[in-house]
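The values are calculated or read from the model by the stated rules, or taken from the named source; none is laboratory data. As the structure is a prediction and not an experimental result, all values here were calculated from the model. Here Cβ is always computed from backbone atoms with ideal geometry, including for glycine, and neighbour counts include all displayed protein chains.
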Amino acid sequence: MNAVKTVFLMTLMMALFLLIGYLLGGNTGMTIALVFSLIMNFGSFWFSDKIVLKMYRAKEVNRESAPKFYDMIERLARQANLPMPKVYIINDPTPNAFATGRSPEKAAVAATTGILQGLSNDELAGVMAHELAHVKNRDTLISTIAATLVGSISYIAHMAGWAMMFGRGDDREGGGIGGLVLLILSPILAMLIQMAISRSREFAADKGGAEISGNPLGLASALQKISRGNQMKPVYHSDPATAHMFIINPLAGGGISKLFSTHPPTEERIKRLQAMAR
């Protein structure tokens, strides 16, 4: 099923680039967009995980540089019957974590210094088991490709905006209207893609993480702390395109933004974990 979703996302990315290319430049623009979309699809499949890790300035660690954390990941990976992933630490006081990689054999997990310092061992184990559950469920490829797609959609919206500003969309009949439609709908489409991908898989990863760690209440307590920390201050370099990858949305807010959250409500996640413990 995840393979079908991956193909769908990559096809959608190509279709969007072809559409914007045609609206802004006719057949020539569509040809340029085709080449660009092929490059983006290739890059998103092979290099999107490295791009995300570099975006957050994550540093790879090993048993010598972070023995306690590395040993925890190794133990959890063994319990999950997974290959040992690469382990990264992000120098950021806000607690959060994510997993990435195109397969379990090429996986990586990353955690902020804030989560390492602010959680108990049981809570941290629950969080990292959650991330390994994403790896086991093969969510990470979809997640990183979605991040590239959402970033591409944002780029498309900017292209449409600049084209309208300088009148390029008026060279063809309906071009200006098409640019306006893209400018309005692109952010909404990006948000819907993130919601569709992230919300259901978070519940599954919570359940899988609780089973791997053997401690649903540890993960529940961690979610509460991480949510509170991210409401106070977002992770440095947070980007809407990658927000769905984290265990808790690093751009968490209140009010109407909750209606369009990339994650299910933290309270509901905690209730389900508490029910598992009972």
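In table form, for the structure just shown:
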| read-out | value |
| --- | --- |
| Some residue of the stretch 190-210 being over 17 Å from Thr140 (Cα atoms), under 16 Å from the mean Cα position of the chain (by Cα), of a type in the set (Gly, Ala, Ser) and modelled with pLDDT under 75 | yes |
| Cβ-Cβ under 8 Å pairs, at least 6 apart or on other chains, the stretch 64-92 side in contact (Cβ under 8 Å) with a residue 12 or more places away in the chain and over 17 Å from Gly214 (Cα atoms), far side surrounded by 15 or more Cβ atoms within 10 Å (Cβ to Cβ) and hydroxyl-bearing (Ser, Thr, Tyr) | Val87/Tyr70; Ile89/Thr112; Ile90/Tyr56; Ile90/Thr112; Asn91/Thr112; Asp92/Tyr56; Asp92/Thr112 |
| Filter result (buried (at least 17 other Cβ atoms within 10 Å of the Cβ) and more than 14 Å from Ile248 (Cβ to Cβ)) within the stretch 99-109 | Thr100, Gly101, Arg102, Pro104, Ala107, Ala108, Val109 |
| Subset of the stretch 211-249 that is assigned to a helix (DSSP H, G or I) and under 16 Å from the mean Cα position of the chain (by Cα) - its residue that is farthest from Gln274 (Cα to Cα) | Ala243 |
| Close pairs from the stretch 102-114: first basic (Lys, Arg), partner assigned to a helix (DSSP H, G or I) and crowded, with 21+ Cβ neighbours inside 10 Å, Cβ under 6 Å, at least 6 apart | Arg102/Leu141 |
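Matching residues to (1) in contact with a Ser or Thr (Cβ under 7 Å, 6 or more places away or on another chain); (2) modelled with pLDDT of 75 or more; (3) closer than 23 Å to Gln224 by Cβ:
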position	(1), (2), (3)
Ala77	no, yes, no
Pro83	no, yes, no
Ala125	yes, yes, yes
Ile156	yes, no, no
Met164	no, no, no
Gly167	no, no, no
Gly175	no, no, no
Ile184	no, no, no
